[in-house]
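Student: Quick one: the structure is below, and I'll ask about it shortly.
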Amino acid sequence: MTFNEEQRAAVKKFSETATESAHAGTLVNLVFSSGVSGELLKIKGTLRVIRQNRVMQLENYFSEGRVSQENISYDEIEERITAHFGIAFYRIDLNDKNGTASLMMSKNGRVTALIPGALKRALSESVSAGISDAMTNLGGNDRLKNHLLTGKEPFLIELGISDRNGRVHDKRQSKFRQICRFSELVMEQIPHLPKDGTLEIADLCCGKSYLSFAVYHVLKFIADRDVKMVCMDLKKSVMDFCAKTANKLGYDGMCFICGDIADYAPDRPPDMVISLHACDTATDIVLDFAARWQATVILSTPCCQRELSKKLSCETLSFIADRPALRRKFCDAATDALRLLRLECMGYTADALEFIDPEDTPKNVMIRAVRKSRRLLASPAIAKKREEYRAAYRFLTGTEPSPFV
């Protein structure tokens, strides 16, 4: 595609920012999306160190499910952006530890580069120091540990993840990895969230709120957004502790409520609903709440999926159901598959991913959903999907599922 001078300037400005982010070692990922052809769906670039060489590893996602990888040098980033933008993709998002930036092309060909001033200033200050820091942060498999969080964040110290010097306690390394991974997933959802205004976030069944504090920190101080976050749980003593911690940290956008999530009614639809290890049917309550209120993004990690195990009544599956250990594993997978299908019936694109290494926790499946247009709910495709869900539920349990919200 041939760009005019103004369009070329916008592409170059964004490309230079992405290159600076890589050289500074603060780049989390670079995501090419809104594909032109439909064959190449997405490209995701992350920093790696391969045989002591700093590279950006590009993962190419194709429509048939194939994924290919290639490594490019930092100096090739600008060239790759120029080659793909407007030709293969209409949007590129840069997620950096210091904030986010976007390069977009509208349907009428208008090119816009959104690069916050705070991000540009942070990159100019850190680019020289970032290279040496990145080189010393190697993992055992040559992967660059480019976490959003370092361990020195005040909320990690207050919650006992790190000591007063910012060193993560040995016994809390697993929890720290969990928090870091969740933070990265939240950053990846920013392109789906409203670009302006206050972000409304709900953490339901929040417990001690490790992830609540992490999400607030990431959106408020890294993404530079105004955030109003409601965290809810049944344990009053825990909510009181979290409220005091938030007050001590100056996190005035956080609110902790002791109560039943089934009774929660927000002032307006939340932009994001999160939930970590809500027990058994509590996860279903969270998902139905999020869909009923048309939350834009849902991130939920289920816990013990016992309900289907009690209801499973299918003679065809008796060869699994009659073996308790296999019955439990089957019901875990089937329950989450039904949840994904139910979300799709309510107008979401939904998938399941491995949230964290199973060595850290066996409860490592995350349900991730993004709301599509509400108008799609009346489409034949959604009607077919709903019948598919009802048929699957009837097959497994012999009963009818609860109605859609």
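Read-outs: derived from the displayed coordinates by stated rules, not from any lab. Predicted model, so just to flag it, every value in this text is computed and none were measured. Please note: Cβ atoms are built from the backbone with ideal geometry, for glycine as well, and neighbour counts cover all protein chains shown.
Student: Only bridges with both residues in the chain count here: give the DSSP antiparallel percent, nearest 5.
Tutor: 70
Student: Now for a different question. Between helix 5-24 and the chain, what is the angle of the helix's C-alpha long axis to the longest principal axis, kept within 0 to 90° and rounded to the nearest 10?
Tutor: That helix lies at roughly 80 degrees to the long axis.
Student: Right, next: So which of 310/385; 220/372; 13/97; 195/235; 12/97; 97/175 end up more than 23 Å apart, counting from Cα to Cα?
Tutor: Long pairs (Cα-Cα over 23 Å): 310/385; 220/372; 195/235.
Student: Calculate the spin-label point distance for residue 63 paired with residue 310, positioning each point 7 Å from the Cα along the beta-carbon direction, and give it in nanometres.
Tutor: 4.5
Student: Sticking with the crude label model, points 7 Å out along Cα→Cβ, report the distance from residue 91 to residue 390 in nm, one decimal please.
Tutor: 3.4
Student: Further, regarding this structure: Once both axes come from the Cα atoms, what is the angle between helix 117-135 and the longest principal axis of the chain, in degrees from 0 to 90, rounded to 10?
Tutor: Roughly 90 degrees between the two axes.
Student: Does the range 5-135 classify as rounded, prolate or oblate by the C-alpha gyration tensor (a ≥ b ≥ c root eigenvalues; a/c under 1.5 gives rounded; else a/b over b/c gives prolate, otherwise oblate)?
Tutor: In terms of gyration-tensor shape, oblate.
Student: If one takes the longest principal axis of the Cα atoms in the chain, at what angle in degrees, from 0 to 90 and to the nearest 10, does the Cα axis of helix 173-189 lie?
Tutor: On a 0 to 90 degree scale, this one is about 80.
Student: Give me the one-decimal nm value for the distance between modelled label points at residue 34 and residue 2, 7 Å along each residue's Cα-to-Cβ direction.
Tutor: Distance between label points: 2.3 nm.
Student: So what are the radius of gyration and Dmax for the Cα set of the chain, in Å?
Tutor: Considering the chain through its Cα atoms, Rg and Dmax are 22.3, 69 Å.
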